[in-house]
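First comes the structure, then the notes that go with it.
The values are calculated or read from the model by the stated rules, or taken from the named source; none is laboratory data. Computed from a predicted model, the values in this text were never measured in an experiment. To get the accessible areas, we keep the full protein, side chains included, count just its heavy atoms, and leave off ligands, DNA and RNA. Shrake-Rupley method; radii C 1.70, N 1.55, O 1.52, S 1.80 Å.
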Amino acid sequence: MIDYIQIILNYIQILIFDNYLLALITYFIFCLLFFFLSLPGGIIVTLSSGFFFGFYIGFLINIISITIGSLFFIILSKYFLVNYFNNYLLKYTYKLNKIIKKSSYEYLILIRLIFGIPLFVQNLFISTLEISKFKFILSSLIGFSPYFLIFSFVGDKLSNLLEIKSVSIKNIFSIEIIVIIIISVLILIFRIFYKINSNKIN
């Protein structure tokens, strides 16, 4: 089975090499549609970006496509929510927006940083918030970057097909990487509580 997969991957790499620009554009559009639909299996897609196009290009494909794709999803989702479910969501969204108003960047980045929340759930939740497109794009770029740097890097290393046989979750999520992500999450939570307490005092 592994040998068969290696043959397919080798064939794809040859196609990309022979038609690089076309392959790059086609793959980027695929990623854009994939993240716009918020489909499961994002780790495989982000690893594949690094695998086929290298660390730097792979990272740019990942971070740009998921940010733009998610933005399109949220614009469309917000349209349907406002037009068809506005009466049900009005009280909920008012209270929610009031809670996150003072720390909206921290909350948005935190949503992106917490690993395991499906992209569809993240985007659907964010679509209920009153935030600017700029704030959404900036928070998404910051929140997604740590994971996509990791996945693009690992995908690039896997371009040596012999390494596929030995890859595991431990190769992707080392203790150091997990600690960095946990610290980032804790800093964001601390900032949120600090702002809440400061507002109470004032």
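A full extension of the chain between Leu141 and Asn19 corresponds to an added length of 41.0 nm, given 0.36 nm per residue minus the alpha carbon distance. Solvent-accessible area of Lys157, all protein chains in place: 100 Å² (probe radius 1.4 Å, heavy atoms, ligands and nucleic acids excluded).
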